[in-house]
1. With the alpha-carbon atoms as the only input, what is the per residue convex hull volume for region 86-202 in Å³?
2. Quick check: at a probe of 1.4 Å, how many percent of the accessible area of the chain sits on carbon and sulfur atoms?
3. Name the residues whose placed amide hydrogens come within less than 5 Å of the amide hydrogen of residue 171, ignoring near sequence neighbours (fewer than 5 apart) on the same chain.
4. One-quarter of the Cα convex hull surface for region 52-103, in nm²?
5. Pulled fully out, how much extra length does the chain show between residue 185 and residue 5, if you take 0.36 nm times their separation in residues and subtract their Cα-Cα distance?
6. Give me the distance in nm between label points sitting 7 Å out from Cα along the Cα-to-Cβ direction at residue 27 and residue 12, one decimal.
7. Once you put a point 7 Å from the Cα of residue 154 and another 7 Å from the Cα of residue 86, both along the Cβ direction, what distance in nm separates them?
8. How much FRET efficiency would the formula 1/(1 + (r/R0)^6) give for residue 79 and residue 140, where r is the Cβ-Cβ distance and R0 is 30 Å, rounded to 0.05?
Amino acid sequence: FRLLASLVQHGYVRQREDNRYEPTLKLWELGCMIVSRARLPQVAGPVLDQLAARTGESAQLAVLDHAESIYIDKRDGPHPIRGITRIGTRAPAHCCATGKVELAFHSPEATLGLPPRLKPYTSATITTRKALTQELEAVRASGVAVNRGEWVDDVWGVAAAIRNHTGAVCASVGVWGPRQRVSPQLAKVVSEVKTAAAQISHGLGCPGDLLQTNDRSET
C-alpha cells in the first residue's frame, strides 16, 4: 500500500471512484520517452554528420542525467586540433552547452538539487546557482546555450534542445571547438545547431507547431 500511495503521489497511478486503482498516462509518457531515446542515435546520426561538415567542428548528441550531460554519440570535426568527446563521457551540466540547454527546458526543480556554490573548472565557470538560474532564463529566451570556455579553457560550445513526439525536451545537440575558430563564426554555428536540433526533433515526431514556435522565439 505504501508503494501504491507513492505511485499516486507522483502521478503514475490514480484512484477511481470505485476505490480501485489504475495507471495514468504518465506511465505511457515515460515509455514513449524511453522509446524516443532508443531511436535518438539512429535519427540523429545523419544530422550529426551534416552538422560537423557544415561547421567544421566536432558535433555531439547528449542527454541529461541529473547534474551531468552524457554524450551518447558524436562526429569529430576535420581539424587536427578540435574538441574531443568520447561516447559515454560525462560533463558537468552547469558549465557545458548541452547541459545548460537541457537544464533550461526542464522543470525549475532541475536546478534545486544543485549546491548553492557550483564547482569551478575555469575562470569563466558559472559558480553560483543564482547566476546559473539567470543564465538559463537567457537560454530559454534564445533557444540556444553557449559555453565560452566554462568547462575547458579556450574551448567554446553551442547547443540546442531536442524535443520528442510529445514536445518534451529529451536530449540536446551541439558543437564545440577552439575559441579562435568558434568565436568568429558564432552566429553561423548557432544557426546550424538550431537547424540540427529542429531536424532531429522532427525526425522524432515533434509536433510542427512546437517547432514553428521555437523558430519564432529564437530569431
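The values are calculated or read from the model by the stated rules, or taken from the named source; none is laboratory data. All values derive from a computational prediction rather than experimental measurement. Cβ coordinates were reconstructed from backbone atoms using ideal geometry, including for glycine residues, and neighbour counts include every protein chain displayed. The protein model used for the area step is the full one, side chains on, heavy atoms only, and it has no ligands, DNA or RNA in it. Shrake-Rupley method; radii C 1.70, N 1.55, O 1.52, S 1.80 Å.
1. 107
2. Taking all protein chains in place, the chain shows 55 percent carbon and sulfur surface.
3. 162
4. Values: hull surface 14.0 nm².
Average of the hull's projected areas for region 52-103 equals 3.5 nm².
5. Residue separation times 0.36 nm, minus the Cα-Cα distance, leaves 59.4 nm.
6. 0.9
7. Spacing of the two 7 Å Cα→Cβ label points: 2.3 nm.
8. Once the sixth-power term is evaluated, E becomes 0.40.
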